[in-house]
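> I'd like to ask some things about the structure below.
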Amino acid sequence: MRTIEKHGEKGQHTWLVLVGGAIDRELTLFSAAASVQLGLAAKTVIVYLYALARFFDWLEQDAIARREKWGRFEEPRLVRAATERRLLTKHACRVQRRSSEVEAEICLVKPSSATRSSLLIELQALRAFYELCSRCGLYGHPNPLRRQGQRTALETMRSPIVPSRGRMPRRSGVDPPPSRSSSDSYYCIIGDLWRPDIRAAPDMRHKLLQEAATAGSSLRYESALRVMCDSGSRVSEACGVTMENWWRGSRFGTAIDSPSKGSGDVPVKVLSLSKDTAKALRTYVDTERRRLDPEGRGLEEFELLGRRGDLPHSTPIFLTRNRTQLSPEQFRNQFFNPLARRAGFDISPHGTRHNFVSLALDEIDLVADTPARRQMLREELVSLLAWAQGDRMLKVYDRRSKGRRILEVIERVREKQDSAPVARVGSTELAADAQPSVISKIMGRPT
């Protein structure tokens, strides 16, 4: 199994990928050179690095891959064969190749209900990895995740057409035709990949915290879990909150100012906490965190800094034993995933967010006495979660919730049918609950 370690100080650190105590040369090179060579953001490189580590760990362990001796730097045909096996077995996708006179061969990837959004990240990471290795001379073939010559072919086909279109005058109000981007990706995902895993389990928070207490988990992990369950925040948001965010939100009370996806370090929303969670956070800062703080500071010292306006901007709430900020990967791998399995939930940390949103929408439907109030509460939920595309997100949850609710109705139908007395064979007497049938009652039709 590959491990990823950070060496050096913040701003000057490097990432090392280790396997069996030795450095994985190509992946370590990717972490160091991808930003410059491919123009990727630093955080994107790290996300891709973890995805690549998972893929190559699987490649070395899969029975078929080992039998066929599929390696990292095989010819494109074999790299694609390994990739497609992982798409089928690990990501539960269907794949279909297609080609035409004007298009190079393409592989259509159809996700299933068991496919997670990590599929897209993995394909993007593999494409970036082979692009970098091809440029640096480590891979002696073209990028296997690109359709070679595809962009050139499409542009050549369009070139005699576009200039022949006369432009409408500006006063006509007609916009010029938009330029179409031509993708040269070999793998094309079709259908809706993102499907929220709607649980709507009111007892999820209680069971997770109870299991954490039973296992004797640290107050750091328990407090971060509480923040996620209380506010519906992403794992990166919960792990990344700072003492300044908490002070500005509520002066170490029940609200934390927080950045959101795409906002960088700028706080754009508020994480609302219960009183118990705020108390757990204060206890953590005064006990476990104080022992790890470089200056031995506790809540009283931070309050003094806050009143003076000297609270450092980048001081994280959650510290590791190495006195660095708790990362989402550490929280997920070392704490949450094993905890969720023991508690009986097959979810990632993001499942707590889906559960929070599902319960909130169900509660809105219960308390809203008019359509106007329902709409107002839903808009406030969108604002609380800082969704950039609130309408789209609500439609996705509504569509999934409807499917879940009808399944709950059908389950109640089965329970009633099972509880009804069974008529004897040959008897004309019917069960009491079958007159009229439950299905007829639900559908509003006469029997």
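Just so it is clear, none of the values below were taken in a lab; they were calculated from the coordinates. Quick caveat: nothing in here was measured; it's all calculated off a predicted structure. Positions of Cβ are backbone-derived with ideal geometry, glycine not excepted, and every protein chain shown enters the neighbour counts.
> For an R0 of 41 angstrom, estimate the FRET efficiency from the Cβ-Cβ distance between residue 288 and residue 19 and round to the nearest 0.05.
Numbers: r = 32 Å, r/R0 = 0.79.
Efficiency, rounded to the nearest 0.05: 0.80.
> About its Cα centre, what dipole magnitude does segment 63-150 give when the only charges are +1 on Lys and Arg Cβ and -1 on Asp and Glu Cβ, stated in debye to the nearest 20?
Numbers: 18 positive and 9 negative charges, 74 e Å.
For segment 63-150, the charge dipole is close to 360 debye.
> Using a Förster distance of 51 angstrom, determine the FRET efficiency expected from the C-beta separation of residue 32 and residue 376, and round it to 0.05. Don't skip to the answer; put the middle values down first.
Numbers: r = 50 Å, r/R0 = 0.99.
With a Förster radius of 51 Å, E is 0.50.
> Which aspartates and glutamates, if any, have their Cα less than 15 Å from the Cα of residue 269, not counting same-chain residues under 8 positions apart?
The qualifying aspartates and glutamates are 230, 237, 244, 257, 379, 380.
> Would you list which aspartates and glutamates come within 19 Å of residue 416, measuring only between C-alpha atoms, while excluding same-chain residues fewer than 8 positions from it?
408, 429, 433
> Over the Cα atoms of segment 204-355, what radius of gyration and what Dmax do you get, in Å?
14.6, 47
> A further question follows. Check cross-link reach from residue 6 to the lysines: straight Cα distance under 19 Å, and skip same-chain residues fewer than eight apart.
43
> Any idea what the relative contact order of segment 204-355 is, in percent, if you count C-alpha pairs under 8 Å spaced at least 6 apart?
Normalised by residue count, the contact order of segment 204-355 is 29 percent.
> Same structure, new question: Using 17 Å as the cut-off for backbone N distance, which residues of segment 219-252 belong to the label zone defined by a point 7 Å from the Cα of residue 307 along Cα→Cβ?
247-248, 250-252
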